[in-house]
Amino acid sequence: MNQDPAEGLPPATDQYCRYTGEWIGTKLRWGLAVDKLECDALKTFADGPCEETVIDHQPAQ
């Protein structure tokens with residue numbers, strides 16, 4: 001998938017939390033920027049159905 005969470009999510013709704021968690025982990029690992037729409041979409045899941053999702057990442061070296 002080449003879209004960020006503001007533009008689209010996987011068709012399987014049971015994968016939303018996994019997808020957003022991995023998306024955030026990748027952003028953190030590589031120090032990538034997040035635009036406002038993307039941030040708002042991620043917050044919607046982080047503050048709602050995915051609040052129990054644990055994001056595990058190692059910073060890139």
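The set of residues from the stretch 18-58 being in contact with a Cys (Cβ under 8 Å, 6 or more places away or on another chain) and closer than 18 Å to Gln3 by Cα comprises Thr20, Gly21, Phe45. Do we have any residue at all in the stretch 6-14 that's over 10 Å from the mean Cα position of the chain (by Cα) and either at pLDDT 90 or above or among the charged types (D, E, K, R) (or both)? Yes, the stretch 6-14 contains at least one residue that is over 10 Å from the mean Cα position of the chain (by Cα) and either at pLDDT 90 or above or among the charged types (D, E, K, R) (or both).
Residues checked against (1) part of a loop (DSSP other than H, G, I, E, B); (2) within 12 Å of the chain's Cα centre (by Cα); (3) at positive phi; (4) modelled with pLDDT under 90:
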site	(1), (2), (3), (4)
Asn2	yes, no, no, yes
Arg29	no, no, no, no
Leu42	no, yes, no, no
Ile55	yes, yes, no, yes
Gln58	yes, no, no, yes
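Remark: pairs (first residue in the stretch 1-23, surrounded by 11 or more Cβ atoms within 10 Å (Cβ to Cβ); second residue β-branched (Val, Ile, Thr); Cβ separation under 6 Å; 6+ apart in sequence or on different chains) = Pro5/Thr20; Cys17/Thr53; Gly21/Thr53; Gly21/Ile55.
The values are calculated or read from the model by the stated rules, or taken from the named source; none is laboratory data. Owing to the predicted nature of the structure, the values given are computational and were not obtained by experimental measurement. Neighbour counts run over all protein chains shown; Cβ positions are idealised from the backbone, glycine included.
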